[in-house]
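Read the structure below first, then the notes.
Each reported figure results from applying straightforward, stated rules to the coordinates on display, with no laboratory input. Every value quoted in this text rests on a predicted model; they were computed, and no experiment measured them. In this analysis, Cβ positions are derived from the backbone assuming ideal geometry, glycine residues included, and neighbour counts consider all displayed protein chains.
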Amino acid sequence: MTQIISEINVIRETVKNWKQQGKTIGFVPTMGALHKGHESLMLKARSECDIVVVSIFVNPIQFAPNEDFDKYPRQLEADRQICENNGVDFVFAPTPQIMYSEGQENITKVVSPEIFQDKLCGKSRIGHFNGVATVVLKLFNIVQPDKAYFGQKDAQQLFIIKKMVRDLDVPVEIIGCPIIREESGLALSSRNTYLSEEQKIKALTLSKVLKKIESDYKAGNTNAKEILENAADILDNDACLEYLEALDTFSMGKTEILKCDTLIAIAAKIGTVRLIDNIIL
Ligand code: PAF
């Protein structure tokens, strides 16, 4: 049975024992409300590492006061079961008091480079990526994994974490894993649980925009402005577009010419639900 550990010293001791036996540790950090996207990360970790640890922690310091921290879905026992079904060895599920024992206001934080914070989600979610980088570094220090698995859906998060690991010489290999979609094309997200059936249909238009861009690019058009403006028309009228951008995957700089490896990222609100999606050409 997959055990839930909430104490930092217990998970540390447990991992230390496994490491002393020469086992490799794969780590999947999550905020719970697990879905098939998370399961794909667990399975990848399972196939590459001896021991798999999943963390479930809704991290208060990555939510702005106007965001959905309080209503973010919490379902620890159901999540534990999903972890067990996917061969996870341990779930690390600390409380905010355990993670931020001296209070979350005055903790030392990781500051991700401003040039990346100012882009895409960073423009509207002020401080979000510092909160993510801080908790991820804390989790790495606690779990000390050999490899850590993140979804490509949060492309900017993945980019910032990879950069943090390089810049701060954190001894962990970061593995980015493909987006998992519903058959309809909707990218899986814990926040999809907020959507009504009608809103889900509207939400689908985000992936349709990306598909249109991909097919225009494949048809030979490489003019980013033209293709993006055209495709944006597909978005449901009730969706509020926050951004639709073409970026260089290596620098995260905006690009005017689409090419192989260009990241196309979109964020839009359906009602009050903010959704993101992306493709790499
Ligand atoms: O992607 C997430 O679920 C979160 O941002 C993460 C990486 C677990 C940090 O809280």
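Points worth noting:
- Cross-link pairs K163/K218; K44/K254; K123/K208; K23/K138; K109/K163 - those with Cα-Cα distance over 27 Å: K163/K218; K44/K254
- With all pairs of different C-alpha atoms in the average, the Kirkwood value for the hydrodynamic radius of the chain is 19.7 Å.
- Pairs with C-alpha atoms separated by more than 18 Å, drawn from the list K202/K269; K162/K225; K19/K147; K36/K153; K225/K269; K153/K211, are K162/K225; K225/K269.
- Rounded if a/c under 1.5, otherwise prolate or oblate - the stretch 1-136, Cα gyration tensor axes: prolate
- Longest segment of the chain lacking GluC sites (Glu not before Pro) that sit in a DSSP loop with at most 10 other Cβ atoms within 10 Å: 1-101
- Loop trypsin sites (Lys or Arg not before Pro), the stretch 198-235 (other Cβ atoms within 10 Å of the site Cβ: 10 or fewer; DSSP): none
- Hydrodynamic estimate: the Kirkwood radius of the stretch 69-122 over Cα pairs, inserted into Stokes-Einstein at 4 °C and 1.567 mPa s, corresponds to D of 88 µm²/s.
- Shape call, the stretch 170-246: gyration tensor on alpha carbons, a/c limit 1.5: oblate
- Net charge of Cβ neighbours under 14 Å - reference I180; Lys, Arg +1; Asp, Glu -1: -1
- Bridging of K200 to aspartates and glutamates at a Cα separation below 19 Å is possible for D68, E182, E183, D233, D236, D238, E242, D277, once same-chain residues fewer than 8 apart are set aside.
- Cβ charges +1 (Lys, Arg) and -1 (Asp, Glu), total dipole of the stretch 161-204, debye: 140 debye
- Dimensions of the stretch 204-281 based on its C-alpha atoms, expressed as ranges along the principal axes with the largest first, amount to 33, 25, 16 Å.
- Springs between Cα atoms under 10 Å define the GNM used for the chain, and in it the highest mean-square fluctuation of G26, G253, G103 occurs at G103.
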